[in-house]
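**Student:** The structure's right below; bear with me while I get my questions together.
Each value in this text was obtained by applying a stated rule to the coordinates, not by laboratory testing. The structure displayed is predicted, hence computed values, not measured ones. Backbone-built Cβ (ideal geometry, glycine too); neighbour counts: all protein chains shown.
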Amino acid sequence: MAKKNVKTNAIRLIEQQKIPHEVFEYTTEDGEAVDGVTAANKIGQPVERVYKTLIATAGKGHFFVFVIPVATELNLKAAAKAVGEKKIEMLATKELLSLTGYIRGGCSPIGMKKLFPTYIDETAESLDYFIVSAGKIGMQLKLAPADLANATKAKFASIIVSE
């Protein structure tokens, strides 16, 4: 029997800060990899409102969090420029859990082991709400982008590959 309303670190932190939010849960098959577009469909939300969390590095000890729309790609050059580095690369999946405390597909920008410099794509800045991972596969968190920016000390920047 699955326990309902399991609170993740992300949800606990949002509640501690009294940030208005909504939690969406959906089911996945065991071992099913769920991309953001599938997650959006499973919770009945527009794809353009669902954002994914990516971690990049500029070398030992230099880690950055990027929150971008699920149907887009991170522009590594633009992201490097936003964080003030010459070059960055995506973090290897095998390093994700030990660095953030989250697994691939369930990585939330909130509640990582450490607060890393966080950047939210500027497309979110004008939205009244968007949806990010709540910290585990099958859970999404709906909140205002400005509230997420305040909670993670994030900056808004142009960091996605443009069409």
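**Student:** Compute a Gaussian network model of the chain, connecting alpha carbons closer than 10 Å, and tell me which residue from M112, M139, M90 fluctuates the most.
**Tutor:** The residue with the greatest mean-square fluctuation here is M90.
**Student:** Where both residues lie in the stretch 22-157, what percent of DSSP beta bridges are antiparallel, nearest 5?
**Tutor:** If I count the DSSP bridges inside the stretch 22-157, around 70 percent turn out antiparallel.
**Student:** Okay, next question. With a sphere of radius 10 Å drawn around the Cβ of M139, what net charge do the other residues whose Cβ falls strictly inside it have (Lys, Arg +1; Asp, Glu -1)?
**Tutor:** +1
**Student:** Shifting gears a bit: Lysines within cross-link reach of K81: Cα-Cα under 28 Å, excluding same-chain residues under 8 positions apart?
**Tutor:** K52, K60, K94, K113, K114, K153, K155
**Student:** Give, as a single signed number, the net charge of other residues whose beta carbon lies under 11 Å from the beta carbon of C107, with Lys and Arg counted +1 and Asp and Glu -1.
**Tutor:** +3
**Student:** Local charge sum around Q45 (other residues, Cβ-Cβ under 12 Å, Lys/Arg +1, Asp/Glu -1)?
**Tutor:** Residues close to Q45 contribute a combined charge of +1.
**Student:** Of T28, T123, T100, which has the largest mean-square fluctuation in a 10 Å C-alpha GNM of the chain?
**Tutor:** Checking each option, the largest mean-square fluctuation is seen for T28.
**Student:** Once you have all Cα-Cα distances for the stretch 1-106, histogram them in 10 Å bins from zero and send the whole-percent values.
**Tutor:** The distribution over the stretch 1-106 is 12, 36, 38, 13, 1, given as percents.
**Student:** If each residue's Cβ is checked for other Cβ atoms within 10 Å, how do K155, K60 rank with the fewest at the top?
**Tutor:** Ascending Cβ contact count within 10 Å gives the list K60, K155.
**Student:** Going 7 Å from the Cα of K153 in the Cα-to-Cβ direction, what parts of the stretch 72-100 have a backbone nitrogen less than 13 Å from that spot?
**Tutor:** Label zone hits: none.
**Student:** In nm, to one decimal, how far is the K77 label point from the S162 one, both placed 7 Å along Cα→Cβ?
**Tutor:** Label-label distance for K77 and S162, simple model: 1.2 nm.
**Student:** Still on this structure, I have one more. Per DSSP helix of 4 or more residues, -39500 (n - 2.57); summed, then divided by the residues of the chain. What does that give at 222 nm, rounded to the nearest 500?
**Tutor:** Dividing the helical sum by the residues of the chain leaves -6500 deg cm²/dmol.
**Student:** Let me ask something else. Once fully extended, how much extra length lies between D35 and A144, figured as 0.36 nm per residue of separation less the alpha-carbon to alpha-carbon distance?
**Tutor:** Residue separation times 0.36 nm, minus the Cα-Cα distance, leaves 37.1 nm.
**Student:** Same structure, new question: Mean-square fluctuation check for the chain, GNM, Cα pairs under 10 Å: which of V23, V70, V50 is largest?
**Tutor:** Top of the fluctuation ranking is V23.
**Student:** Something else about it: What nm value, rounded to one decimal, do you get for the distance between Y26 and K60 when each label is placed 7 Å out toward the C-beta?
**Tutor:** According to this spin-label approximation, the distance is 4.1 nm.
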